[in-house]
Amino acid sequence: PEPPLQLAPGSAGGANLAAGTPVLRFVLFVEADEEYDPESIALISQQALALQHFWYDQFGGTFAVGRDVAVIYGDHPAAWYDDTPIGDDPRWYRLTNVRDEVRVKLGIDPEDPSARFVVYPNARIDGRVGANRYAGAVMDGDDIACISGSVDTTPYSADYPANCLATVAHELGHVFGLTHAGPDDDCMQFGFYQYVNQVSLCQFSAENRSLVINDPANG
């Protein structure tokens, strides 16, 4: 069956949601030295609704999304987020710096498990993406290009192209509490690399579906 469009409170036409329905906010993050294409907002909104439907197909329920994509202007140039240390691993400087600034500007309490978001930075840096349990996912500028069709896949490398919807689905799995456990073809393993003409999407295993559905934090 077709899932109902679920809009977050405060969105245009926002509906009353069932108690515990997770809300995902979708964000375009524009670094201080970047200019964005207004079409990016429509592309991210398109991806948000596609993910909502995909999630419903996989789990029999879905999350609410905002009608409007939030545009957040960063305080620093793109390289600052990549070069400024936070934590012990340089690979995650950018993700953590962007995530923390978005939390502040959206007024999100990092201890609130219902405050979840997906951020698309405007700049294309290295294709690295990541997510935190019950928090937020940070994508890369190439993910916007993938939605637009200007590239066919999210280009982590020539050997590992990834379906751009499945890539975000993998990160959402982390947001909803999943690890990299599961069979090899699971979305949380190597399934999102199984790219076939932008049609063949990864699937979540029965075990991972059960973990998400039965996690009290997911409503």
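The values are calculated or read from the model by the stated rules, or taken from the named source; none is laboratory data. The model shown is predicted, which means the values in this text are computed figures rather than measured ones. Here Cβ is always computed from backbone atoms with ideal geometry, including for glycine, and neighbour counts include all displayed protein chains. Note: areas computed on protein heavy atoms with side chains; ligands, DNA, RNA excluded. Shrake-Rupley method; radii C 1.70, N 1.55, O 1.52, S 1.80 Å.
Yes/no per residue for (1) at pLDDT 90 or above; (2) aromatic (Phe, Trp, Tyr):
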residue: PHE29; (1), (2): yes, yes
residue: ALA32; (1), (2): yes, no
residue: LEU49; (1), (2): no, no
residue: HIS53; (1), (2): no, no
residue: GLY66; (1), (2): no, no
residue: GLY74; (1), (2): yes, no
(request) Provide a single number: the residues in the stretch 72-92 that are outside any strand (DSSP E or B), open to solvent by 30 Å² or more (accessible area, probe 1.4 Å) and of a type in the set (Ser, Thr, Tyr). (result) 1
(request) Restrict the check to the stretch 102-115 and report whether at least one residue is closer than 23 Å to GLN46 by Cβ, in a loop (DSSP other than H, G, I, E, B) and at pLDDT 80 or above. (result) no
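Please pick out the residue among ILE72, ILE44, ILE108 that is among the aliphatic types (A, V, I, L, M), closer than 26 Å to MET188 by Cβ and over 15 Å from the mean Cα position of the chain (by Cα). Spell out the reasoning first.
Numbers: ILE72 fails: closer than 26 Å to MET188 by Cβ; ILE44 fails: over 15 Å from the mean Cα position of the chain (by Cα).
Of the residues listed, the single one that is among the aliphatic types (A, V, I, L, M), closer than 26 Å to MET188 by Cβ and over 15 Å from the mean Cα position of the chain (by Cα) is ILE108.
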(message) Among the numbered criteria (1) over 16 Å from HIS53 (Cα atoms); (2) at pLDDT below 80, which one does ASP185 miss?
(response) (2)
(request) Would you tally the residues in the stretch 36-71 being touching a residue at least 12 places away in the same chain (Cβ under 8 Å) and not in a helix (DSSP H, G or I)? (result) 13
(message) If the requirement is being farther than 30 Å from GLU207 by Cα and touching a strand residue (DSSP E or B) at 6+ places or on another chain (Cβ under 8 Å), which of these qualifies: ALA64, ALA78?
(response) ALA78
